[in-house]
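Structure first, then comments.
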Amino acid sequence: MSLLDKLDLPTDLKKLSYEELSELSSEIRDLIIKTTSETGGHLASNLGVVELTIALFRVLDPPEDKIIWDVGHQAYTHKILSGRKDAFSTIRQMGGLSGFPKTAESPYDAFDTGHSSTSISAGLGLAQARDIMGAEHTVVSVIGDGALTGGMAYEALNNASRMKKNFIIVLNDNNMSISSNVGGVSNYLNGLRTASGYAALKKSVESRLLSLPGIGSNVAKRVKRAKDSIKQLVIPGMFFEDMGITYLGPVDGHDIRALEKAIRAAKKVDHAVLLHVITKKGKGYGPAEAHPEKFHGVEPFEPETGNKKRPGTGKTYGEHFSDTLVRLAASDSRITAVTAAMADGTGLGKFSQMFPDRFFDVGIAEAHAVTSAAGMAAGGLRPVVAVYSSFLQRGFDQIIHDVCLQDLPVVFAVDRAGIVGSDGETHQGIFDVSYLSMIPGMTVMAPKNGRELEQMLEFAFRLGHPAAIRYPRGIAYEGLSGSDAPIEYGKSEMIHQGKGTALFALGSMVSTAVHIREKLLASGTDCTLVNARFAKPLDEEMIRHLCLTHEHLVILEESVENGGIGLRACRIAAEASAECRVKTVSLPDAYVEHGDIDSLRKMLGIDSGSIIESIRGE
């Protein structure tokens, strides 16, 4: 029996020797690799924090002491140590453990996380609540160096400097976010990593100066005054120290003994303290150590090689976007691409290699990404911001204030739109149609297949106004090869003219509508199928026509009902005074849990079988 199986966690953790802790670390890594190879998940980030998590649990007393994990995709060891080992095989599966901290799942999860750069703010709030409530527990926010590129982290640091009681910030520094870190913060942290010789140099210089007969003491004082003006250039952590936050480190993030000593020291500080921990992303698994960006979020894989178990069998939507953008940029030098630490995930890797001077990775800073793109557009360029749907929410004000208010030609390539599956509530891209459609001056499109995504990208650059194209994750639908009508602004596409029932589908729901029509035809029932193409402006003329010529109109969209195209279609139908019955198929105004996409679609009633049942039931 393994050591991990013998332990009553977390109770027994503090009883182990350091030799046993080394064995435990290896067993935890093996469990994480084995589980993610079967379920998929976040691998490299979790392998890098095993010893850090063990040290935190040994020095602290969670759940009374609070640990907040920034983003939370590195909390697998936290879940294993906090009594969820036996359920760990269910992680990211429907009805199983969440892939992120979730307060409803365990008292050990102090705060729900999923997006980046929030942990210091949340931890600061918990520490302030502790102090006002007269409690004495420890609050620790763990934030990665990649998340430290987000502006919200600095807003929190600025306020943390006012703390009059202990608040610990652990900087988990692995020189990675999802893609490699970029920018000034990364360069600063690189300096800290290599500054271990500073103290020894300082001691040597002072000793030599003081040994000079007669003048040594005066020279040493002059050097000290000069040092004060340049110290922030050479002393580790002076950036944080100058803010009023005590800096400790760097500490080897894989040395449990050293980590425990540093955490105990941090607990003694009577204000905000930053503990700088150096870790290796992917630690203990060769393929992940060699290519940490590829093993950030993984599909099921062969643990021996790291190769995917189910390789893709077609071109993804991201690849359609990537190839088209590169082709267009080759003939238009104004086209630029902006991403927030997601170059590979959004399909901009090829663009970055071919046009490095026109590629901008701003780090995990979506608000800045949007406004910098606005500035590019104001300067005559034609930027595209490639971003996941759930992350674009972080730049909402900038879309309104900096892009649309000025009617600047910024194109938003909104990847992972709709249900994304196993990452759960914080990552489902189900709100973009609603929040983008409410903004004056914004055009919102959704392609029925990969080829139409290419057409829409070309159209968006020709449009010369703010435009967003939302498309799902994964292999692109390539059906309807005979339906490639040119895109006209605000116009839908008639795919099949039938009678009785009309299906008006947006984006990913077009393929679902095709399946519905095929099943209805097999039972002898004809129907009309229309590809909406535009969520904004909605093709009101087509909706009125369908209402006046059909008994039943079904609106299909993979987004929340409130603010979606369905409610707007109902208004248009009512104004047309039509007798047609209008049914909306959309997602409830609720957060969608984690699980595989097919199961979630069936649970939510947006799969073809459920929709047919609802049509026949009316």
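One table, with the values for the structure above:
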item: Residues of the stretch 499-520 that turn out to be surrounded by 24 or more Cβ atoms within 10 Å (Cβ to Cβ) and more than 36 Å from the chain's Cα centre (by Cα), as a count; result: 2
item: Hits in the stretch 58-101 - residues which are of a type outside the set (Lys, Arg), open to solvent by 10 Å² or more (accessible area, probe 1.4 Å) and at positive phi; result: 71, 83, 95
item: Subset of the stretch 341-376 that is among the small types (Gly, Ala, Ser) and touching a strand residue (DSSP E or B) at 6+ places or on another chain (Cβ under 6 Å) - its residue that is farthest from residue 116 (Cα to Cα); result: 352
item: Yes/no for residue 345 being assigned to a helix (DSSP H, G or I) and surrounded by 20 or more Cβ atoms within 10 Å (Cβ to Cβ); result: no
item: Failed item, numbered, when residue 108 is tested on (1) open to solvent by 10 Å² or more (accessible area, probe 1.4 Å); (2) hydroxyl-bearing (Ser, Thr, Tyr); (3) under 20 Å from the mean Cα position of the chain (by Cα); (4) under 17 Å from residue 170 (Cβ atoms); result: (3)
item: Flag if residue 320 is in a strand (DSSP E or B), out of contact with any His (no Cβ under 7 Å at 6 or more places or on another chain), in contact (Cβ under 8 Å) with a residue 60 or more places away in the chain and open to solvent by less than 20 Å² (accessible area, probe 1.4 Å); result: no
item: Flag for residue 586 being buried (at least 23 other Cβ atoms within 10 Å of the Cβ) and within 30 Å of residue 95 (Cα to Cα); result: yes
item: Residue match in the stretch 80-98 (condition: touching a Lys or Arg at 6+ places or on another chain (Cβ under 8 Å) and small (Gly, Ala, Ser)); result: yes
item: Number of the condition not met by residue 304 [criteria: (1) farther than 21 Å from residue 461 by Cα; (2) in contact with a Gly (Cβ under 6 Å, 6 or more places away or on another chain)]; result: (2)
item: Residue that is surrounded by the fewest Cβ atoms within 10 Å (Cβ to Cβ) [pool: residues in the stretch 1-56 that are outside any helix (DSSP H, G or I) and touching a residue at least 40 places away in the same chain (Cβ under 8 Å)]; result: 9
item: Some residue of the stretch 521-531 being aliphatic (A, V, I, L, M), at pLDDT 95 or above and surrounded by 16 or more Cβ atoms within 10 Å (Cβ to Cβ); result: yes
item: Per-region count, the stretch 399-424, residues open to solvent by 40 Å² or more (accessible area, probe 1.4 Å) and either of a type in the set (Gly, Ala, Ser) or under 22 Å from residue 359 (Cα atoms) (or both); result: 1
item: Residues located in the stretch 221-264, provided they are among the small types (Gly, Ala, Ser) and modelled with pLDDT under 95; result: 226, 229, 237, 244, 249
item: Residue match in the stretch 442-463 (condition: open to solvent by 10 Å² or more (accessible area, probe 1.4 Å) and at positive phi); result: no
item: Filter pass, residue 438 being touching a residue at least 60 places away in the same chain (Cβ under 8 Å) and open to solvent by 10 Å² or more (accessible area, probe 1.4 Å); result: yes
item: All positions within the stretch 301-310 that are open to solvent by less than 90 Å² (accessible area, probe 1.4 Å) and over 27 Å from residue 116 (Cβ atoms); result: 302, 303, 305, 309
item: Verdict on residue 42 being in contact with a strand residue (DSSP E or B) (Cβ under 7 Å, 6 or more places away or on another chain) and at pLDDT below 95; result: yes
item: Only one of 127, 147 that is surrounded by 18 or more Cβ atoms within 10 Å (Cβ to Cβ) and modelled with pLDDT under 95; result: 147
item: Test: residue in the stretch 368-385 that is under 23 Å from residue 506 (Cα atoms) and buried (at least 19 other Cβ atoms within 10 Å of the Cβ); result: yes
item: Matching residues, the stretch 251-260, being assigned to a helix (DSSP H, G or I) and surrounded by 15 or more Cβ atoms within 10 Å (Cβ to Cβ); result: 256, 258, 259, 260
item: Any hit, the stretch 457-468, residues being touching a strand residue (DSSP E or B) at 6+ places or on another chain (Cβ under 7 Å) and under 30 Å from residue 40 (Cα atoms); result: yes
item: Among residues of the stretch 474-515, those that are hydroxyl-bearing (Ser, Thr, Tyr) and part of a loop (DSSP other than H, G, I, E, B), counted; result: 6
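Rundown of residues vs (1) touching a strand residue (DSSP E or B) at 6+ places or on another chain (Cβ under 6 Å); (2) part of a loop (DSSP other than H, G, I, E, B); (3) hydroxyl-bearing (Ser, Thr, Tyr), yes/no style:
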| site | (1), (2), (3) |
| --- | --- |
| 556 | yes, no, no |
| 562 | no, yes, no |
| 566 | yes, no, no |
| 571 | no, no, no |
| 574 | no, no, no |
| 583 | yes, no, no |
| 595 | no, yes, no |
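The values are calculated or read from the model by the stated rules, or taken from the named source; none is laboratory data. Note that the coordinates shown come from a computational prediction; the quantities given were computed from them, not determined experimentally. Virtual Cβ from ideal backbone geometry, glycine too; neighbours counted across all protein chains shown. Ligands, DNA and RNA are stripped out before the accessible areas are found, and what is left, the full protein with its side chains, is counted by its heavy atoms. Shrake-Rupley method; radii C 1.70, N 1.55, O 1.52, S 1.80 Å.
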